[in-house]
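The structure under discussion appears below in the form of C-alpha cells.
The values are calculated or read from the model by the stated rules, or taken from the named source; none is laboratory data. Just so we're clear, the structure is a prediction, and the values are computed from it rather than from any experiment. Here the Cβ positions follow ideal geometry from the backbone for every residue, glycine too, while neighbour counts run over all protein chains shown. Accessible surface is based on the protein model in full, side chains and every heavy atom, while ligands, DNA and RNA are left aside. Shrake-Rupley method; radii C 1.70, N 1.55, O 1.52, S 1.80 Å.
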Amino acid sequence: MSIPQHTTGWSEALVRDLPEGIVTIDRDGRILFINDSAGRISGWSSADALGRSISDVFPLSTGNGKLLEQLSFSSVSLPPVNILTRSGKEITVTIRTTELKLPGNAVPETVLLIRDITAEDAVFRLRSYFLANISHEFRTPLSALKASVELLLEGLEGFKLDETLELVKSIHFSVTALQTLIDNLLESVSIEAGRFRIRRQATDLKRLLTESAMLMKPLLERRNQNLVVTIPEDLPKVRVDPMRITEVLTNLISNASKYGPIDQPIEVALAMGESNWIKVSVSDRGPGITSEDRANIFHRFVRATENDKAQYGIGLGLSVVKSIIESHGGTVGVDDRLGGGSVFWFTIPVEEP
Ligand code: ADP
C-alpha cells in the first residue's frame, strides 16, 4: 500500500493516536521512535526515551534477563510479559515485533507493537480464581451434608435423641452455608447484568434482625458465639427491600462469626443517626481489616490478604452488601474496633411510610 503525499499528516496522526504503543529500534535495541501511547504505557517521555535501550525503557519486572534478549527482529508475538513503568508500577504487556523495511538503502528497523493488558489480565485471573474456588465452596458443605445424612440413614433407629439432634444441626449448618453462597452468587450475577431491582416496603428493622439471627443460628452455635443485640426503643420503620436487607445482615453476621474467634460474642447495634439515618453495626473481635485492605474488600472476589487462608470464602459477600445498601441510598464501611476486631456498618435513610 502506498500513502499519497497529501495523507502524510494523516499517517502521522494515526501512529500518534493509536492506543497501541509503537516503538522502533535499531539492531542494538536503541529506541529510534516512540509514539505517545508507548510513552503513556512506560511512563517515559519521547525526549527521555529516544536513544536509550528498549530494555531500560521497558525493564522486565521478573529479573529474568532483559527484554532485548527475548525479542526477535522478525515478525513474532511474545507471550505476555510483566514490566516496570518508570514510576515502578508493575504492568502486563503483550509485544509483537515486525521488521520495518525502509525505502532505499536505509537500515531496516524493528517495530514493537505494545499493548497494556493489565486490566484484562486481572479479570482473567479473577475468573480463574473464582472457578478454582467456587467448586471447593460447594463441595465442603455438600460433603458435610452427605456425611450427616448417611449417618442418619444408617443408624436412625439406634440413635439417641441428642445424637440425632447433633446430626440435624450439622445438616442445618451446611444448608445455611449453601443458601448464603447461592444467594450471593445469584445477586452478584443480577448486579453485573444490570438486572438488580429492589422492592421497598415499610419494614421493621428489629424484625429483620430477629429473622437474620434465626437464620445464622447454626453458624453461631457451631462456634459458640452469642449475638448481643442493642436496639433503641422507638426506632422508626424504614422503607427497604426486606429480603435484601436480611441478606446484608446475614452476610455481615456470618463474616463476624467466620473471622471472629470461637466463644466470643458478636454485637449488633441499631442506632438512630443524625438527619434521619439509621446506622446498623456488626462488631467482632476478629483480626480486623488493615488500612490497605479497607478500600478493596467491598469489591468482587477480593479477600483480605491475611484472612483469606484462615477461612473458606470467595470474596462475594461484601460486594453484594455494598450494592444492596447503595441501591437503598445508604453507605457501607468498616472501622477498627476499640480493643481489637472490626466494626462493619451500614446506614439506611429513614423515610416514614
Ligand atoms: P468471603 O468471606 O467469601 O471471602 P466477603 O466479600 O464476605 O467474602 O469478604 C471479603 C474479605 O473481607 C474476606 O475474604 C475477609 O478477608 C475480609 N473480611 C470480611 N469480613 C471480615 C471480618 N468480620 N473480619 C475480618 N475480615 C473480614
(message) I'd like to verify a number: residues in segment 262-321 that are away from the ligand (no atom under 12 Å from the Cβ) and among the hydroxyl-bearing types (Ser, Thr, Tyr), how many?
(response) 2
(request) Within segment 24-41, count every residue that is touching a Ser or Thr at 6+ places or on another chain (Cβ under 6 Å) and small (Gly, Ala, Ser). (result) 2
(message) Can you go through Gly260, Gly273 and tell me which one is modelled with pLDDT of 90 or more and either of a type in the set (Phe, Trp, Tyr) or under 22 Å from Asp335 (Cβ atoms) (or both)?
(response) Gly260
(message) For segment 211-225, give me each residue that is open to solvent by 20 Å² or more (accessible area, probe 1.4 Å), part of a helix (DSSP H, G or I) and over 11 Å from Thr250 (Cα atoms).
(response) Glu221, Arg222
(request) Please go through segment 273-294 and pick out each residue that is open to solvent by 80 Å² or more (accessible area, probe 1.4 Å) and out of contact with any strand residue (DSSP E or B) (no Cβ under 6 Å at 6 or more places or on another chain). (result) Glu274, Ser275, Asn276, Arg285, Pro287, Ser291, Glu292
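Taking Leu338, is it modelled with pLDDT under 95, more than 27 Å from Phe138 (Cβ to Cβ) and out of contact with any Pro (no Cβ under 7 Å at 6 or more places or on another chain)?
For Leu338, the condition - modelled with pLDDT under 95, more than 27 Å from Phe138 (Cβ to Cβ) and out of contact with any Pro (no Cβ under 7 Å at 6 or more places or on another chain) - is met.
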(message) Quick test for you: out of Ile171, Ile198, pick the one residue that is more than 15 Å from the ligand (Cβ to nearest atom), assigned to a helix (DSSP H, G or I) and either of a type in the set (D, E, K, R) or farther than 27 Å from Ile289 by Cα (or both).
(response) Ile171
(message) Every residue in segment 336-350 that is of a type outside the set (Phe, Trp, Tyr) and surrounded by 15 or more Cβ atoms within 10 Å (Cβ to Cβ), please.
(response) Arg337, Gly341, Ser342, Val343, Thr347, Ile348, Pro349, Val350
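Yes/no per residue for (1) open to solvent by less than 40 Å² (accessible area, probe 1.4 Å); (2) within 16 Å of the ligand (Cβ to nearest atom); (3) on the phi < 0 side of the Ramachandran plot; (4) touching a residue at least 60 places away in the same chain (Cβ under 8 Å):
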site: Thr85; (1), (2), (3), (4): yes, no, yes, no
site: Thr92; (1), (2), (3), (4): yes, no, yes, no
site: Arg96; (1), (2), (3), (4): no, no, yes, no
site: Leu102; (1), (2), (3), (4): no, no, yes, no
site: Ile117; (1), (2), (3), (4): yes, no, yes, no
site: Leu126; (1), (2), (3), (4): no, yes, yes, yes
site: Ile134; (1), (2), (3), (4): yes, yes, yes, yes
